[in-house]
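Heads up, the thing below is written out as structure tokens.
The values are calculated or read from the model by the stated rules, or taken from the named source; none is laboratory data. Note that the coordinates shown come from a computational prediction; the quantities given were computed from them, not determined experimentally. All Cβ positions, glycine included, derive from the backbone under ideal geometry; neighbour counts span all protein chains shown. Calculation scope for accessible area: heavy atoms of the full protein, side chains included, ligands and nucleic acids excluded. Shrake-Rupley method; radii C 1.70, N 1.55, O 1.52, S 1.80 Å.
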Amino acid sequence: MTLGVGGSTFQKELNSLKPMANNCQKIASQEYKQRINKAQRLMKKQSIASMYLNAGTNLHYFTGTKWYASERMVGAILPAKGEIQYIAPVFELGTLDGFKIIKGNNHGWQEHENPYELFGKILTQLGISQGRIAIDESSAFFITNGINISNPQYQYGNAQPITAGCRMIKSANEIALMQRVKDITLMVHKSVAKILHEGITTKQVEDFIHKAHIKMGAQSGSYFCIVLFGKDSAFPHGVKQPKSLELNDMVLIDTGCQIDGYISDITRSYVFGEPNERQRQVWQVEKDSQSSAFEAAQIGRTCASVDKAARDYLVSQGFGPEYELPGLPHRTGHGIGLDIHEWPYLVANNTTKLAAGMCFSNEPMLCIPDEFGIRLEDHFYMTESGPKWFTQPSHTIDDPFGYAIRTEKR
């Protein structure tokens with residue numbers, strides 16, 4: 001049996017887990033102000049008069065306001081010069097104030113009124129009667145369309161150069177939060193591997209993972225969870241009717257949680273039972289491909305070069321080429337932070353140069369139809385001297401969590 005897999009129970013493992021989210025240093029108001037200042041500098045440099053931040057992660061990133069997008073316009077207007085202005089239904093303004101970290105003037109609209117006309121009035125009050133307005137790239141069409149129709153005197157564009165320009169470089173505080181949330185999920189991975197047994201369902205595994213995340217201090221439990229056994233593991237994001245676990249199945253578990261909005265996303269693949277020669281060979285190729293991507297991630301090189309390093313190695317081992325199966329059907333990795341997938345992406349057409357503070361997943365998954373799939377996913381962040389792992393990659397197919405190594409060191 002694979003070391004660290006099976007042999008325990010749901011309750012025993014849940015009881016063994018201790019909270020790890022205590023004493024996490026949340027993002028302070030001063031850092032939100034620094035983010036706003038940086039955004040305003042970028043806006044001035046790009047001749048953007050104002051930027052609209054819609055409810056969601058961009059609003060959270062710049063103001064600390066946690067508010068989810070809905071059919072009602074809730075957001076903020078950030079001028080290139082001046083204070084931030086909030087816009088929301090009148091009946092929500094009191095609640096909105098309770099979520100704000102960065103204060104600003106409130107502008108409310110009643111249910112029968114047009115919030116997009118109010119948007120234009122706010123800009124006029126700010127002295128912005130013309131010019132370029134950047135719209136949050138995550139805004140729903142009805143919002144961007146409504147703003148455009150009600151205020152044709154402005155030129156509209158994508159806010160992504162500003163939002164991504166700020167968010168893709170993480171601060172030391174952000175990296176510390178991300179380290180903690182990833183440590184939590186890796187511990188959950190170690191525990192869930194121990195409860196596996198023949199006949200266990202993916203739903204039972206998901207339930208344990210959710211409760212384990214809560215036990216470790218992630219109040220909302222799992223942010224997401226993918227559990228796949230055997231042939232199902234060849235489908236990156238799962239199947240409609242997942243099978244139960246059988247002896248010698250490949251196991252793929254991909255999950256994460258949130259701490260103060262920052263997300264973990266870690267995948268482990270291993271065999272429940274005794275790996276056969278085919279599983280061993282493919283697992284090692286996957287691990288070496290992940291290592292190739294990591295080694296290629298150097299300051300000043302492009303995101304595309306990291307994807308190429310992983311893919312070139314897979315081709316050298318007879319997989320692919322490009323996105324063909326058996327092989328790697330998707331990009332090598334993605335940025336991560338307040339969104340599980342955010343800028344920049346480790347993909348062939350991305351010429352963005354790697355810089356200190358960028359954070360990435362590294363997951364060059366191997367999919368072999370009608371056999372199995374293997375995804376080893378860990379995250380790293382860029383330092384001035386190169387990449388650094390948040391979580392150490394899987395050790396071997398026989399000892400994925402490195403238990404034997406720790407025993408030898410003792």
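Assorted remarks:
- Only one of the numbered conditions (1) closer than 17 Å to ILE266 by Cβ; (2) open to solvent by less than 40 Å² (accessible area, probe 1.4 Å) is not met by TYR223, and that is (2).
- When residues of the range 362-399 are limited to those that are within 18 Å of LYS194 (Cβ to Cβ) and out of contact with any Leu (no Cβ under 8 Å at 6 or more places or on another chain), the one most open to solvent (accessible area, probe 1.4 Å): HIS395
- Filtering the range 261-316 to residues that are among the aromatic types (Phe, Trp, Tyr) and part of a helix (DSSP H, G or I) leaves TRP283, PHE294, TYR313.
- Qualifying residue in the range 304-320 (condition: touching a residue at least 12 places away in the same chain (Cβ under 8 Å), within 23 Å of TYR262 (Cβ to Cβ) and either touching a Pro at 6+ places or on another chain (Cβ under 7 Å) or not aromatic (Phe, Trp, Tyr) (or both)): yes
- Considering the range 203-218, the residues that are out of contact with any Phe, Trp or Tyr (no Cβ under 7 Å at 6 or more places or on another chain) and closer than 14 Å to SER16 by Cβ include one that is most open to solvent (accessible area, probe 1.4 Å), namely LYS211.
- Pair list, Cβ < 6 Å and 6+ apart or interchain, from the range 56-67 residues that are among the charged types (D, E, K, R) to residues that are surrounded by fewer than 24 Cβ atoms within 10 Å (Cβ to Cβ): LYS66/HIS60; LYS66/PHE99
- Filtered by the rule that a residue be out of contact with any helix residue (DSSP H, G or I) (no Cβ under 8 Å at 6 or more places or on another chain), surrounded by 24 or more Cβ atoms within 10 Å (Cβ to Cβ) and under 21 Å from ILE368 (Cβ atoms), the range 285-310 gives a lone residue, GLU286.
- PHE10 vs. criteria within 30 Å of LYS194 (Cβ to Cβ), open to solvent by 40 Å² or more (accessible area, probe 1.4 Å) and not acidic (Asp, Glu): yes
- Between LEU228, LEU186, the distinction of being in contact (Cβ under 8 Å) with a residue 12 or more places away in the chain, in a helix (DSSP H, G or I), touching a strand residue (DSSP E or B) at 6+ places or on another chain (Cβ under 7 Å) and closer than 14 Å to ARG268 by Cα belongs to LEU186 only.
- Qualifying residue in the range 236-249 (condition: at pLDDT 95 or above, polar (S, T, N, Q) and open to solvent by less than 40 Å² (accessible area, probe 1.4 Å)): no
- One residue stands out among those in the range 15-51 that are in contact with a helix residue (DSSP H, G or I) (Cβ under 6 Å, 6 or more places away or on another chain) and within 30 Å of THR201 (Cβ to Cβ): the one that is surrounded by the most Cβ atoms within 10 Å (Cβ to Cβ), which is LEU17.
- Checked against (1) farther than 15 Å from ALA159 by Cβ; (2) open to solvent by less than 10 Å² (accessible area, probe 1.4 Å); (3) not charged (D, E, K, R), GLY94 passes all but condition (2).
- Considering the conditions (1) out of contact with any strand residue (DSSP E or B) (no Cβ under 6 Å at 6 or more places or on another chain); (2) of a type in the set (S, T, N, Q); (3) closer than 19 Å to TYR68 by Cβ, ASN106 is excluded by exactly one of them, (1).
This table checks each residue for (1) surrounded by 13 or more Cβ atoms within 10 Å (Cβ to Cβ); (2) of a type in the set (S, T, N, Q); (3) touching a helix residue (DSSP H, G or I) at 6+ places or on another chain (Cβ under 6 Å).
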site: SER70; (1), (2), (3): no, yes, no
site: LEU78; (1), (2), (3): yes, no, no
site: ILE87; (1), (2), (3): yes, no, no
site: HIS112; (1), (2), (3): no, no, no
site: GLY127; (1), (2), (3): no, no, no
site: ILE135; (1), (2), (3): yes, no, yes
site: ALA140; (1), (2), (3): yes, no, no
site: ILE143; (1), (2), (3): yes, no, no
site: GLY157; (1), (2), (3): yes, no, no
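- Exactly one residue out of HIS330, HIS334 is of a type outside the set (Asp, Glu), within 22 Å of the chain's Cα centre (by Cα) and open to solvent by 10 Å² or more (accessible area, probe 1.4 Å), and it is HIS330.
- Of the helices (runs of 4 or more DSSP H) entirely within the range 51-140, those holding at least 3 residues that are farther than 27 Å from ASP260 by Cβ occupy 115-125.
- Check on ILE162, without any contact (Cβ under 8 Å) to a residue 60 or more places away in the chain and either under 30 Å from HIS341 (Cβ atoms) or in a helix (DSSP H, G or I) (or both): no
- The set of residues in the range 35-50 being in contact (Cβ under 8 Å) with a residue 24 or more places away in the chain and not in a loop (DSSP other than H, G, I, E, B) consists of ARG35, ILE36, LYS38, ALA39, GLN40, LEU42, MET43, LYS44, SER50.
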